[in-house]
Amino acid sequence: MSTSSDEPRTPGRPFGRDYRSGAAVEPVPARVRQRVQRQVDELAQRRTDAGLRRRLNSAVQERWNLRHDTRLAVLVKDNGLETMVVTGEILVTESSWQDRGVRTYVGRRGLVEAELGCADLESRLVRLVTTQPTSTEHLEDTVSELRARGFAASLTHIAPLGPIVKPFSGVAVPTIGDFGSYATFATGEGDGARVAVIDTGIDGALRGDGWLTGIPRITQDDPATHAADINVDPLDADPLDGFLDFSAGHGTFVSGVVAQVAPTADITMYRALGTGGTGSEIDVACAIVRAVRDGAQIVNLSLGTQTQYDQPSLAIAAALDAVREIELERGEDTLIVAAAGNFGDTTPTWPAAFRRVVSVGALTADLRPSAFSSRGWWVDCSAIGEGVLSTYVQGEQSPDFTEDPESFPADAFSRWSGTSFAAPQVAGAVARLMHEHGLSARQAYVQLLATGRPMPDFGQTFDILPGV
């Protein structure tokens, strides 16, 4: 593997010291270190602080209700943590729905078939909604009974970011320079890999420093644009109050991580989450299929959730089946990379825990396990996820989320923490290897794994972008 560094390659450092120069490794001011530490502490605290989780869950519910006709319910799992579901509906697989007994049973429970809202999945998944007011417990019982009878059913889960909201959305830092002069190491034999980022959308304002300007922006200004195609992050919508929403800029940040690691990557953004940080598993599943159908070779998902029964998301499973058919049609595999989650335990997070998805955990800046990172047998690899530096958006943080709001200028960079920002480093590393050596996504991933340093419950670990 070629790198621009003269340093001998060491386990866990696939590109030598290519990313350890300039502003990325300049001395970090004490204030920035303190802010990053607050991010990390809060991510870890959420597992043990039920009061903090309640406040955040309430904020998420309020923001969802501003933009949707449906409502969210917060359910407590057996491990004491919560998961969010859409009220008044359940999902079953199409094969289960074909059973006459299932149709009769759910009809008696007051459920009828409704539009799924995703043409790519209509032959695989059925959405059932209540015809009368009913409790979430009633629907839980319905799902439990169907599952006990051997049918695939679930509540409709919400897929929050990383998988929980990050109130300290970035810490303002100096720019790392103009994109055109950034990547002296970006040489290789292959074309730029096609990377799809499924997230909150991309900042609609083109930056003056060249970063991310090649990502297409799709807005409502074009009469031919379908709502599902819009990919611009509104930044201030949930609520419209003059401040950045608490997940504003997440997709822009993630895209900037990919671009730092793989400057030649052809990045496309798909918006499946609102700036309040949430989207349904159906929205995410539909975006996955669209991205692969559009030709994505790598898909990055810096999102995920635990489910009520710790079982795979039915919607994402249906999407992965559809993806496999597309791969067979075009004769090319797609590598799907997902954040392992910030739950701090070994309970699987979806979609990361699917066997065909590359699951990425988070490490500290000195390559130790991050306390907040999900971990376990299902985590394939890990990268630094604390105080990662990347592109951000212009605006001011809301005082609702922090006592010391940050104000971000145009062409802003910031530091942020979470498995959300470890995953795109792996996606970017695969994209870089594809470009350098003319490999397929799967071949490049296998080559990347060979350079890793193994760590129990964190898979193969990599030192790619530095952190704090």
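Report the label-to-label distance for GLN34 and ASP400 in nanometres (one decimal), using points 7 Å from each Cα along the Cα→Cβ vector.
With each label placed 7 Å out from Cα toward Cβ, I get 2.6 nm.
When the label point is put 7 Å from the Cα of HIS68 along its Cα-to-beta-carbon vector, which residues of the range 337-376 have a backbone N closer than 18 Å?
Residues 350-351 qualify, since their backbone N sits under 18 Å from the label point.
Assuming R0 = 25 Å, what is the FRET efficiency of GLU325 and ALA227, from their Cβ-Cβ distance, to the nearest 0.05?
Calculated transfer efficiency: 0.45.
Can you tell me the FRET efficiency between THR175 and THR10 if r is taken as the Cβ-Cβ distance and R0 is 22 Å, rounded to the nearest 0.05?
Efficiency at R0 = 22 Å is approximately 0.15.
Report the local net charge at LEU240: Lys and Arg +1, Asp and Glu -1, summed over other residues whose C-beta lies under 13 Å from its C-beta.
Residues near LEU240 contribute -2 overall.
Can you put HIS435, HIS138 in order of Cβ neighbours within 10 angstrom, beginning with the fewest?
HIS138, HIS435
Compute the long axis of helix 30-45 from its Cα atoms, compare it with the longest principal axis of the Cα atoms of the chain, and write down the angle in degrees, 0 to 90, nearest 10.
The angle comes out near 30 degrees.
Over the chain, what is the mean sequence separation of C-alpha contacts under 8 Å (at least six apart), divided by residue count, expressed as relative contact order in percent?
Rounded, it is 20 percent for the chain.
Compute the length gained on full extension between THR131 and THR219: take 0.36 nm times their separation in residues and subtract their Cα-Cα distance, giving the result in nm to one decimal.
28.2 nm is the gain from fully extending THR131 to THR219.
Give the cysteines in the chain for which no other Cys Cβ lies under 4.7 Å away, or write none if there are none.
CYS381
I need the calculated FRET efficiency for the pair ARG147 and ARG108, taking r as the beta carbon distance and R₀ as 25 Å, to the nearest 0.05.
Given R0 = 25 Å and the Cβ-Cβ separation, E is 0.90.
Let me have the relative contact order for the range 426-468, percent, based on Cα pairs under 8 Å that are six or more residues apart.
24 percent
Need the full-extension length gain, ASP49 to GLU94, defined as separation in residues times 0.36 nm minus the C-alpha distance. One decimal, nm.
Value of the extension gain: 12.2 nm.
So what is the relative contact order for the range 312-399, in percent, with contacts set as C-alpha pairs under 8 Å and at least six apart?
It comes to 25 percent, rounded to a whole number.
Go through the range 75-105 and name the trypsin sites (Lys or Arg not before Pro) that are in a DSSP coil and have 16 or fewer other Cβ atoms within 10 Å of their Cβ.
LYS77
Please report the spacing between the Cα centers of the range 266-316 and the range 18-74 in Å, no decimals.
That distance is 20 Å.
Just how far, in whole angstrom, is the range 91-143 from the range 187-252 if you go by their alpha carbon centroids?
Using only Cα atoms, the two centres lie 34 Å from each other.
What full-extension length gain, to one decimal in nm, is calculated for ALA186 and ALA119 as 0.36 nm per residue of separation minus the Cα-Cα distance? Mind showing how you got there, number by number?
Working: separation 67, 0.36 × 67 = 24.12 nm, distance 3.88 nm.
So the chain would gain 20.2 nm between ALA186 and ALA119.
Kindly express, to the nearest 10 degrees and within the range 0 to 90, the angle between helix 50-67's C-alpha long axis and the longest C-alpha principal axis of the chain.
Approximately 80 degrees, to the nearest 10.
Restricting the count to DSSP beta bridges whose residues both fall in the chain, what percent are antiparallel, rounded to a multiple of 5?
Working: 34 of 62 bridges.
So the antiparallel bridges in the chain amount to around 55 percent.
Given N residues in the chain, what is its alpha carbon radius of gyration divided by 2.2 N^0.38 Å? Please list the in-between numbers first.
Details: Rg = 21.2 Å, N = 468, 2.2 N^0.38 = 22.8 Å.
So the Cα radius of gyration is 0.93 times the expected 2.2 N^0.38 Å.
Per-residue counts of other Cβ atoms within 10 Å, averaged by peptide: what ranking do you get for 29-40, 385-396, 345-356, highest first?
In descending order of packing, they fall as 385-396, 345-356, 29-40.
All of the numbers you see were taken from the coordinates with simple rules; none came from a lab. Everything numeric here is computed off the predicted structure, so don't read it as measured data. Glycine also receives a Cβ, built like all others from the backbone with ideal geometry; neighbour counts cover every protein chain displayed.
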